[in-house]
1. Given the criterion assigned to a strand (DSSP E or B) and open to solvent by 30 Å² or more (accessible area, probe 1.4 Å), identify the matching residue among Thr43, Thr112, Thr103.
2. Which of the residues that make up the range 88-100 are free of Cβ contacts under 8 Å to residues at least 40 places away in the same chain, assigned to a loop (DSSP other than H, G, I, E, B) and surrounded by fewer than 17 Cβ atoms within 10 Å (Cβ to Cβ)?
3. With the structure loaded, tell me whether Ser55 is open to solvent by 60 Å² or more (accessible area, probe 1.4 Å) and either more than 20 Å from Val110 (Cα to Cα) or at pLDDT 95 or above (or both) or whether it fails that test.
4. If I ask for residues that are under 14 Å from Phe58 (Cα atoms) and assigned to a strand (DSSP E or B), which ones from the range 115-131 would you list?
5. If you go through the range 89-112 one residue at a time, how many are of a type outside the set (A, V, I, L, M) and over 16 Å from the mean Cα position of the chain (by Cα)?
6. Which ones in the range 1-38 are modelled with pLDDT of 50 or more and over 28 Å from Val125 (Cβ atoms)?
7. Please enumerate the residues belonging to the range 58-76 that are surrounded by 13 or more Cβ atoms within 10 Å (Cβ to Cβ) and either in a helix (DSSP H, G or I) or among the aromatic types (Phe, Trp, Tyr) (or both).
Amino acid sequence: MASRQVLLLAAAAIAAAFILAPASAEVFMVGDAAGWTLEYPATWTDGKTFVVGDSLMFMYPAGQHDVMEVGGADFRACNVSASAAIGTWTSGMDTVTLDKAGTRWFVCSVGTHCVQGMKLLVTVVDPATPAPASPPESFRCC
């Protein structure tokens with residue numbers, strides 16, 4: 001009798017773990033088939049949702065490109081000086097985990113690649129933070 005109760009409790013605990021577990025983190029290959037290259041499509045993020053725990057995989061020919069994380073102002077100005085770098089990756093097979101909510105900015109710091117459009121902005125959301133409620137109908141415009 002006691003072993004049956006233990007089995008039922010164990011089964012209930014396993015079921016609860018599956019129900020309460022967050023969705024699996026997703027790995028996004030930046031640029032899809034083009035990879036992280038000068039042919040990288042500027043619209044690559046369109047339709048994608050990035051959540052805390054997801055990862056970005058940057059695939060590119062090592063030595064021809066790199067990945068540099070910078071702040072927003074440096075991203076807009078394509079400032080690729082060493083002092084602007086929050087992080088730099090150079091292996092050609094780099095994975096960056098999106099570990100917190102907010103905006104992250106990435107550029108290629110090789111030559112004029114950033115100015116040529118080799119840059120990526122992602123907005124990361126935290127699924128544990130509820131979205132703001134819609135305003136009541138009486139407060140909506142138009």
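1. Thr103
2. Thr90, Ser91
3. In short, no.
4. As a first pass, look at the range 115-131 and keep what is under 14 Å from Phe58 (Cα atoms): 118-122.
Matches in the range 115-131: Lys119, Leu120, Leu121, Val122.
5. 7
6. Leu38
7. Phe58, Tyr60, Asp74, Phe75, listed by residue number.
The values are calculated or read from the model by the stated rules, or taken from the named source; none is laboratory data. Here the structure is a predicted model, which is why all the values come from computation and not from measurement. Cβ coordinates were reconstructed from backbone atoms using ideal geometry, including for glycine residues, and neighbour counts include every protein chain displayed. Accessible surface areas use protein heavy atoms only, side chains included; no ligands, DNA or RNA. Shrake-Rupley method; radii C 1.70, N 1.55, O 1.52, S 1.80 Å.
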